[in-house]
Amino acid sequence: MLLVVGRIGRPHGIRGEVTVEVRTDEPEQRFAAGSVLITDPAAASAAGVVPATLTIEDVRWHQGRPLVLFDGYYDRDLVENLRNVLLCVDSDDVESPDDPDEFLDHELVGLSAVSPGGEVLGTVARIDHAPASDLLVLARPGGGTALVPFVKALVPSVDVAGGKVVVDAPVGLLDL
């Protein structure tokens, strides 16, 4: 599974640097010299001819954003063709957190959500990162979605290997 870590923005200067919109919690690790990033095929086809991978030659930070120079792209006109291309990594190359109570989004998506009694409540469709807490977005069996705050009181158990999360939702929460 490909995980989006950034989106190429506008060129910066005339020597091939581009701005990158960061979409990862670990930008210093993902956007480091020597990193090889996979380009999103759908975005690449819209942008014209884009290689399957791009290698970061140099990166520097400017006003909170990385300015990236890709290997072989040393001209403003060349990098203009890369605008809006998504930069990805393979989920197999991403290490799981050491903390047993911390999970990566892609590990949770697709898990079955069940009540403490075993009733199927839905499937985790995605994770929304809200200011107060992360939210599990459940695709409900009868259609529609439900939002469940991803806190220990409401989600007491996560079993990635077993393919399920236990959701102890108060009455009415899943009906909102």
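At a glance:
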{"quantity": "Answer from Arg126, Arg76, Arg65 - the residue that is of a type in the set (Lys, Arg), surrounded by 12 or more Cβ atoms within 10 Å (Cβ to Cβ) and farther than 21 Å from Asp25 by Cβ", "calculated": "Arg76"}
{"quantity": "Strands (runs of 3 or more DSSP E) fully within the range 51-127 counting 3 or more residues that are in the same structural domain as Asp25 (by TED's automatic domain parsing) and of a type outside the set (Val, Ile, Thr)", "calculated": "53-62, 65-70, 86-90"}
{"quantity": "Any hit, the range 77-87, residues being of a type in the set (Lys, Arg) and farther than 30 Å from Arg10 by Cβ", "calculated": "no"}
{"quantity": "Any pair with Cβ under 6 angstrom, 6 or more apart, that starts in the range 159-176 at a residue that is in contact (Cβ under 8 Å) with a residue 12 or more places away in the chain and ends at one that is in a loop (DSSP other than H, G, I, E, B) and exposed (fewer than 12 other Cβ atoms within 10 Å of the Cβ)", "calculated": "Val166/Pro116; Asp168/Pro116"}
{"quantity": "Criterion (surrounded by 15 or more Cβ atoms within 10 Å (Cβ to Cβ) and out of contact with any Pro (no Cβ under 7 Å at 6 or more places or on another chain)) met by exactly one of Gly34, Gly16", "calculated": "Gly16"}
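The values are calculated or read from the model by the stated rules, or taken from the named source; none is laboratory data. Just so it is clear, the structure is predicted and the values come from calculations on it, not from any experiment. Every residue, glycine among them, receives a Cβ derived from its backbone with ideal geometry; neighbour counts consider all protein chains shown.
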